[in-house]
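K.L.:
Supplied in structure tokens, the structure appears directly below.
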Amino acid sequence: MFRKAGVNVLDGVHCTSIEDALSAYDSLGSKVVAVKSQIHAGGRGKGTLYSPESGEKVMEGGVKIAFSREDVELYSRNILGNKLVTIQTGENGKIVNNLYVEAGCAIAHEYYLAILVDREAKAVLIMASTEGGMDIEKVAENTPEALHKVWVDPAAGLLGFQKRNLGMDLGLSGAALKSFFGLLGKLYDVFVKNDCAMVEINPLVRSEDDEIIALDAKVSFDENASFRHKEWEDIRDLGEEDDAEVRAKELGLSYVKLDGDIGCLVNGAGLAMATMDVIQLYGGEPANFLDLGGGAGEDTVNAAFEIILEDHNVKGILVNIFGGIQRCDVVANGVLASVERIGLEVPLVIRLSGTNYKEGRAIIDASDLQTYSVDTLAEGAKKIVELIGGES
């Protein structure tokens, strides 16, 4: 995507086997190459690789610099098929099935650059720092003044003086400043034309001949624009996504797996966030974010319960529904039908409010199934935490 837009990048090859990596090394014609693990997480360079079978440590670092064909073989063997644990993956880590073997370059300095949406300012925010590389998180935390920022009015676009000033803030001059000027304009175009939510370059490097090169990138898209970007499906790696989250999306549900043990079934993103907050307030931990949407029927409720219960960490479920478009009596019938069909074996607490909530609660209360009806979200959160044996 960058290369097509004219952004200065190095040649590289996507590999899925040791043989691919060796062929890539031969074809790139560069004595020095980077062997990069490809997973949906940052911090790869400082990560640790473990054998998924034995759990034994295999190697430090998921991004390695190879100075020979033998190095490429060693690193690709140690990376592919093993579990990479980084600061962003958590203890479970991710199995590495893909490599990117990239030509090397003579690096004079590493920088950091990011373009993202600043919703509060209603602008595009560009951040850059002279302290690029693997410790950028520490820079942001400990020396925020080292991050230089520019806000771009979407109506006006990125202006020349903004590119020049940001480059000068990074200490660039001459050919390096000119190279940065051109690269930043092209990156901004990539960001806008591809409906990106974020473009992060770390590191952005200045070579010894004063070329500014995007050496490694992380890009995320605004999913609300997916209808006009059919090409996104072609570059999507479902192997890096949670199966339940993929299936939920196909059903029109918004589902994100979390690390807790209380399943949440809610309609509305704001209500889901509030539900998770109140669960934590009473000493519990949410196992998921699941938004049914505004008009979920019985089939959707069934699917939602199945997805929640696929997580073996779930010890109880809190249903929190506000009936606006959705009628609470319809939800109540759907929930009870799902509970009976699935044979639910964990505690279920239901809070209904809004359209026909009295009728919905009456349906729940009249049921002989092991469900608990409550008036308020606070009562619901407290009850489910108590039922699973947590704090309250």
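The values are calculated or read from the model by the stated rules, or taken from the named source; none is laboratory data. Keep in mind that what you see is a predicted model, and the values were worked out from it rather than measured. Using ideal geometry, Cβ is built from the backbone for each residue, glycine included, and neighbour counts are taken over all protein chains shown.
K.L.:
Just checking, does the range 375-383 include any residue being in the same structural domain as Tyr255 (by TED's automatic domain parsing), within 15 Å of Asn267 (Cα to Cα), at pLDDT 85 or above and assigned to a helix (DSSP H, G or I)? Can you show your working first?
P.N.:
Of the residues in the range 375-383, the ones in the same structural domain as Tyr255 (by TED's automatic domain parsing) are 375-383.
Filter once more, so that each one left must be within 15 Å of Asn267 (Cα to Cα): 377.
Next, from what is left, pick out any that are at pLDDT 85 or above: 377.
Cutting the leftovers down to assigned to a helix (DSSP H, G or I) gives us 377.
Yes: the range 375-383 contains one or more residues that are in the same structural domain as Tyr255 (by TED's automatic domain parsing), within 15 Å of Asn267 (Cα to Cα), at pLDDT 85 or above and assigned to a helix (DSSP H, G or I).
K.L.:
Further, regarding this structure: Does Val190 meet the test of being in the same structural domain as Ile308 (by TED's automatic domain parsing) and of a type in the set (Val, Ile, Thr)? Write out each step before concluding.
P.N.:
On the way: in the same structural domain as Ile308 (by TED's automatic domain parsing): no; of a type in the set (Val, Ile, Thr): yes.
It is false that Val190 is in the same structural domain as Ile308 (by TED's automatic domain parsing) and of a type in the set (Val, Ile, Thr).
K.L.:
Select, from Ile95, Ile79, Ile39, the only residue that is within 27 Å of Val199 (Cβ to Cβ), at pLDDT 95 or above and aliphatic (A, V, I, L, M).
P.N.:
Values: Ile95 fails: at pLDDT 95 or above; Ile39 fails: at pLDDT 95 or above.
Testing whether each residue is within 27 Å of Val199 (Cβ to Cβ), at pLDDT 95 or above and aliphatic (A, V, I, L, M) leaves just Ile79.
K.L.:
Scan (1) out of contact with any helix residue (DSSP H, G or I) (no Cβ under 6 Å at 6 or more places or on another chain); (2) farther than 20 Å from Asn98 by Cα for the single condition Leu177 breaks and write down its number.
P.N.:
For Leu177, the failing item is (1).
K.L.:
Among the residues of the range 57-68, what is the count of those that are touching a residue at least 12 places away in the same chain (Cβ under 8 Å), not β-branched (Val, Ile, Thr) and not in a loop (DSSP other than H, G, I, E, B)?
P.N.:
Total meeting the criteria: 4.
Residue-wise test of (1) in contact (Cβ under 8 Å) with a residue 60 or more places away in the chain; (2) outside any helix (DSSP H, G or I).
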site: Asp20; (1), (2): yes, no
site: Gly42; (1), (2): yes, yes
site: Gly55; (1), (2): no, yes
site: Glu70; (1), (2): no, no
site: Tyr75; (1), (2): no, no
site: Leu84; (1), (2): no, yes
site: Gln88; (1), (2): no, yes
site: Asn97; (1), (2): yes, yes
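K.L.:
Inside the range 65-86, can you point out the residues that are buried (at least 20 other Cβ atoms within 10 Å of the Cβ) and farther than 19 Å from Pro52 by Cβ?
P.N.:
Ala66, Val72, listed by residue number.
K.L.:
Taking the condition among the β-branched types (Val, Ile, Thr), buried (at least 17 other Cβ atoms within 10 Å of the Cβ) and more than 25 Å from Arg236 (Cα to Cα), does Val96 pass? First the steps, then the outcome.
P.N.:
Values: among the β-branched types (Val, Ile, Thr): yes; buried (at least 17 other Cβ atoms within 10 Å of the Cβ): yes; more than 25 Å from Arg236 (Cα to Cα): no.
Judged against the criteria, Val96 is not a match.
K.L.:
Go through (1) among the hydrophobic types (A, V, I, L, M, F, W, C); (2) within 17 Å of Asp216 (Cα to Cα); (3) out of contact with any helix residue (DSSP H, G or I) (no Cβ under 9 Å at 6 or more places or on another chain); (4) surrounded by fewer than 20 Cβ atoms within 10 Å (Cβ to Cβ) one by one and return the number of the condition Ala34 breaks.
P.N.:
(4)
K.L.:
If you don't mind, there's one more thing I want to ask. Restricting to the range 225-265, and then to whatever is in the same structural domain as Leu352 (by TED's automatic domain parsing) and of a type in the set (Ser, Thr, Tyr), can you tell me which residue is nearest to Ile308 (Cα to Cα)?
P.N.:
Looking at the filtered set, the residue picked out is Tyr255.
K.L.:
Could I ask something else about it? Name the strands (runs of 3 or more DSSP E) wholly within the range 256-361 that hold at least 1 residues that are at pLDDT 90 or above, crowded, with 18+ Cβ neighbours inside 10 Å and of a type in the set (A, V, I, L, M)?
P.N.:
Numbers: elements: 262-266, 288-291, 316-323, 348-354.
Answer list for the range 256-361: 262-266, 316-323, 348-354.
K.L.:
Find all pairs meeting these conditions: Cβ atoms under 7 angstrom apart; at least six residues apart or on different chains; first residue within the range 1-15 and free of Cβ contacts under 8 Å to residues at least 60 places away in the same chain; second residue part of a loop (DSSP other than H, G, I, E, B) and buried (at least 17 other Cβ atoms within 10 Å of the Cβ).
P.N.:
From the range 1-15, the pairs are Arg3/Val9.
K.L.:
Tell me which residues, restricted to the range 307-339, are of a type in the set (D, E, K, R) and either more than 23 Å from the chain's Cα centre (by Cα) or over 20 Å from Ile388 (Cα atoms) (or both). Write out each step before concluding.
P.N.:
Kept after step one, since they are of a type in the set (D, E, K, R), are these residues of the range 307-339: 310-311, 315, 327, 329.
Answer for the range 307-339, where residues must be of a type in the set (D, E, K, R) and either more than 23 Å from the chain's Cα centre (by Cα) or over 20 Å from Ile388 (Cα atoms) (or both): Lys315, Arg327, Asp329.
K.L.:
Just to be sure before I move on: is Glu200 in the same structural domain as Gly185 (by TED's automatic domain parsing) and either surrounded by 12 or more Cβ atoms within 10 Å (Cβ to Cβ) or farther than 29 Å from Leu113 by Cβ (or both) in the structure I sent? Spell out how you get there, then give the answer.
P.N.:
Numbers: in the same structural domain as Gly185 (by TED's automatic domain parsing): yes; either surrounded by 12 or more Cβ atoms within 10 Å (Cβ to Cβ) or farther than 29 Å from Leu113 by Cβ (or both): yes.
Considered against the rule, which asks whether it is in the same structural domain as Gly185 (by TED's automatic domain parsing) and either surrounded by 12 or more Cβ atoms within 10 Å (Cβ to Cβ) or farther than 29 Å from Leu113 by Cβ (or both), Glu200 comes out as yes.
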